[in-house]
Structure formats: structure tokens, C-alpha cells
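Engineer: Questions regarding the structure given below will be posed in turn.
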Amino acid sequence: MIFERIAIIGAGLIGSSVARAARETGAAETIAVFDASEDVRVRACALGLGEVADSAEEAVAKADLVLLCVPVGAMKDAALSAVSEVKTGAIVTDVGSVKSAVIADVAPHVPAHAFFVPGHPIAGTERSGPEAGFAALFKRRWHILTPLADPRAEYAAAVEKLEAFWRALGADVERMDAARHDVVLAVTSHLPHLIAFNIVAMAEDLESVTESEVVKYSASGFRDFTRIAASDPIMWRDVFLNNREAVLEVLGRFTEDLAALQRAIRWGDGQVLYDIFDRARRMRREVIEAGQETPAPNWGREN
Ligand code: NAP
């Protein structure tokens, strides 16, 4: 057991997975849950995710660890309602997909008697809501912590303890600077999602290929994009609004490289195409060898 009592604010895919994993591994003795949606609170109760509280204040009152598991754009509201009431020595963390903006929104509201250690599980699916969560979500996946520049020895101890919690849930933990996190994730997660949303929306729009034909003859490339594009629109709207600079930077580079591919196709330059495709293919092997993917889609998971 790492924490006696944890409070999860936001009982969607990530929050409910934390609740399930913490119970299954015994990383927390008592789990309190709060969600802004009454409907989600009722469902969280039926799923037995933990002690479902009627308010954020009630959930966090005696918690040793508070996890903010709400969309990035709701972090400030969640912090305002939940964080000011935390007990002395409590650790506050979040799971937001963007770090610099969340730190700016949450850190000012964390009282000096508590410790804010931002984080991001590199784990998820395209589903959302409390039913979508599962205990194994974090197993063998990276959890990135972006600690603040807080010189207190107690702060360093809080970071260690939070690291132990995520390790108990099965994650591999790494520490990173928040700005670096935002650029790295813009490349590995945010841009791929933007491309998927764009391709799927474009296919739906194309007048010459009706939607039914796109669906009927859906090749595996397009099918994979539809899985990514099925992700929660609120979560992803918030990611792009809150990681604007890093995404625009990476998008600029992407569109330049796309123009180079376009030129190679126009001029029939097969060597340029082959070299780029060959490099990309090797990257897939590296990702599998690094244990970040299995040859089967979605890590061979059914959920
Ligand atoms: P989700 O399934 O949509 O769950 C979020 C829950 O938070 C919803 O039930 C929502 O209620 C509730 N909520 C919104 N504002 C709130 C507030 N102020 N106080 C309390 N509850 C509130 O989302 P998720 O996929 O778990 O994502 C949660 C966070 O994890 C996001 O910051 C996201 O960036 C991050 N993350 C997601 C993934 C992924 O693959 N999904 C991976 C890593 C990190 P309503 O529906 O009523 O608004």
C-alpha cells in the first residue's frame, strides 16, 4: 500500500482505470471518487469504483493523494473546487495530456502545505467514460512526471512517493521538463491525432467518394485512422487549444515534408519515396523492439 486514501476527480477512462488499478494492486487502501456529472457519479457507484462523493471538497478532504483526471480545459475548475481543501502534506497530481498549460492553471491553486507533481500516463484508448476504464491500462506503459522546480526536501519525497504509486500500478516512470514533454507529445500523439481527424473528416466530405463507399471498402490504413479519430472530441479540442505552440511548430515541419512527398510523386521520383518509406518502416520495428507496441493492433487487447 502506497497511499491510505486517494481522491480521483473525474471518473472517465483514465480516472476509473486509476481506481480499478489502485484497488487491484492494493496501492491505495481507500478510494474516493468525484465527477462533475451526476450521471457519471451514479455509474461510478454502480461499477464500485470507490466511495463516490457528492462534492470535490468531500472527496479530497482526507486524501493523501488527489488525482485530477478531467479534460485539460477543465483542470483549472477542478483545481479551484478540489485543491484548496487538501490536507497538510497531501500530494496533488494530474493526468493531463499537456503539461505547461496545466501547470499554469493548477499550480497557483495548490496551497503551500501540499505538493503539486504534474504527470501524464502515456496510456489510453479511443473510448471515454467510467465503463471504458480497466485495471491493466497502465501496465508496461510510460508515466511521465514533470516535477516543479521546488527546492523543498519534502517535495522531492513527494515525487518519489508518487513515482512508487505509478510503478505499483504497473507503469514505467520517467521525469521530464514540462516544455520538452509538450514538444515530444506533439510529435508522438497530438499530430497523429490531428492527421487522423483530418483524414477521416476529409473522406466523409469527398463528393466523388460517398461515405458508404468509404466505409464499405475501408482499407486497413483508413480503418486504423478511424480508430484514432474516434477519440473524445472534448479531450482533443482541449489538447490543441492548450498545446498550441508546440503543435503549430511540429505541424509546420510536417506540412513542409508532405510538400516534399507531393513533389516526389509529381516528378515520379521513386528513390525519394522509397527512402522515406524505408526509414518510416524501420521506425515501426524500433517501436516494437522498445516494447511500446506488439505486432498485434492495440497491444492485442480486446478493450
Ligand atoms: P473522460 O473519459 O471524458 O472523463 C473525464 C471526466 O471528467 C468526465 O466524466 C467529465 O464529466 C469529468 N469532468 C469534467 N470536468 C470536471 C470537473 N471540473 N470536475 C470533476 N469532473 C469533471 O476523459 P479521459 O479520457 O479519462 O481523460 C481525462 C484526462 O486524461 C484528460 O486530461 C486527458 O488529456 C488525459 N489523458 C487521456 C488519455 C486518453 O487516451 N483518453 C490518455 C492520457 C491522458 P463530463 O463528461 O460531464 O464533462
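The values are calculated or read from the model by the stated rules, or taken from the named source; none is laboratory data. Predicted model only: the values in this text are computed from it and were never measured. Positions of Cβ are generated from backbone atoms using ideal geometry, with glycine treated the same way; all protein chains shown enter the neighbour counts. To get the accessible areas, we keep the full protein, side chains included, count just its heavy atoms, and leave off ligands, DNA and RNA. Shrake-Rupley method; radii C 1.70, N 1.55, O 1.52, S 1.80 Å.
Engineer: Residues of the stretch 1-16 being within 16 Å of the ligand (Cβ to nearest atom) and either β-branched (V, I, T) or not in a loop (DSSP other than H, G, I, E, B) (or both), which ones?
Structural biologist: Scanning the stretch 1-16 gives I6, A7, I8, I9, L13, I14, G15, S16.
Engineer: Hey, among L241, L273, L194, which residue is among the aliphatic types (A, V, I, L, M) and more than 30 Å from L13 (Cβ to Cβ)?
Structural biologist: L273
Engineer: Take the residues of the stretch 126-146 that are away from the ligand (no atom under 14 Å from the Cβ) and of a type in the set (K, R): which is surrounded by the most Cβ atoms within 10 Å (Cβ to Cβ)?
Structural biologist: K139
Engineer: Answer yes or no as to whether D54 is within 14 Å of the ligand (Cβ to nearest atom), modelled with pLDDT of 95 or more, over 27 Å from W142 (Cβ atoms) and not aromatic (F, W, Y).
Structural biologist: Taking the combined requirement at face value, the residue satisfies it.
Engineer: Another one. For the subset of the stretch 2-17 comprising residues that are touching a strand residue (DSSP E or B) at 6+ places or on another chain (Cβ under 6 Å) and of a type outside the set (G, A, S), which member is most open to solvent (accessible area, probe 1.4 Å)?
Structural biologist: Looking at residues that are touching a strand residue (DSSP E or B) at 6+ places or on another chain (Cβ under 6 Å) and of a type outside the set (G, A, S), I get E4.
Engineer: Mind telling me which of the residues A63, A74, A90 ends up being of a type outside the set (S, T, Y) and within 11 Å of the ligand (Cβ to nearest atom)?
Structural biologist: A74
Engineer: Across the stretch 180-234, what is the total count of residues that are under 22 Å from E245 (Cα atoms) and more than 25 Å from the chain's Cα centre (by Cα)?
Structural biologist: Total meeting the criteria: 0.
Engineer: When you scan the stretch 34-104 for helices (runs of 4 or more DSSP H) that lie fully inside it, which ones turn up with 2 or more residues that are open to solvent by less than 10 Å² (accessible area, probe 1.4 Å)?
Structural biologist: 56-60, 75-82
Engineer: Is the stretch 17-33 home to any residue that is within 11 Å of the ligand (Cβ to nearest atom) and more than 21 Å from the chain's Cα centre (by Cα)?
Structural biologist: No, the stretch 17-33 contains no residue that is within 11 Å of the ligand (Cβ to nearest atom) and more than 21 Å from the chain's Cα centre (by Cα).
Engineer: May I pose another question? Could you tell me which of the residues A123, A149, A107 is in a helix (DSSP H, G or I) and either open to solvent by less than 40 Å² (accessible area, probe 1.4 Å) or among the aliphatic types (A, V, I, L, M) (or both)?
Structural biologist: Among A123, A149, A107, only A107 is in a helix (DSSP H, G or I) and either open to solvent by less than 40 Å² (accessible area, probe 1.4 Å) or among the aliphatic types (A, V, I, L, M) (or both).
Engineer: Counting only residues that are in the same structural domain as S128 (by TED's automatic domain parsing) and surrounded by 14 or more Cβ atoms within 10 Å (Cβ to Cβ), give me the helices (runs of 4 or more DSSP H) lying completely in the stretch 181-256 with at least 2 of them.
Structural biologist: Once the helices (runs of 4 or more DSSP H) in the stretch 181-256 are filtered for at least 2 residues that are in the same structural domain as S128 (by TED's automatic domain parsing) and surrounded by 14 or more Cβ atoms within 10 Å (Cβ to Cβ), nothing remains.
Engineer: Between S81, S55, which is under 30 Å from A246 (Cα atoms) and hydroxyl-bearing (S, T, Y)?
Structural biologist: S81
Engineer: Where the second residue is in a strand (DSSP E or B) and open to solvent by less than 10 Å² (accessible area, probe 1.4 Å) and the first is touching a residue at least 60 places away in the same chain (Cβ under 8 Å) and among the β-branched types (V, I, T) and lies in the stretch 65-94, which pairs have Cβ atoms under 6 Å and are six or more apart or on separate chains?
Structural biologist: V66/A7; V66/V92; I91/L65; T93/L67; T93/G119
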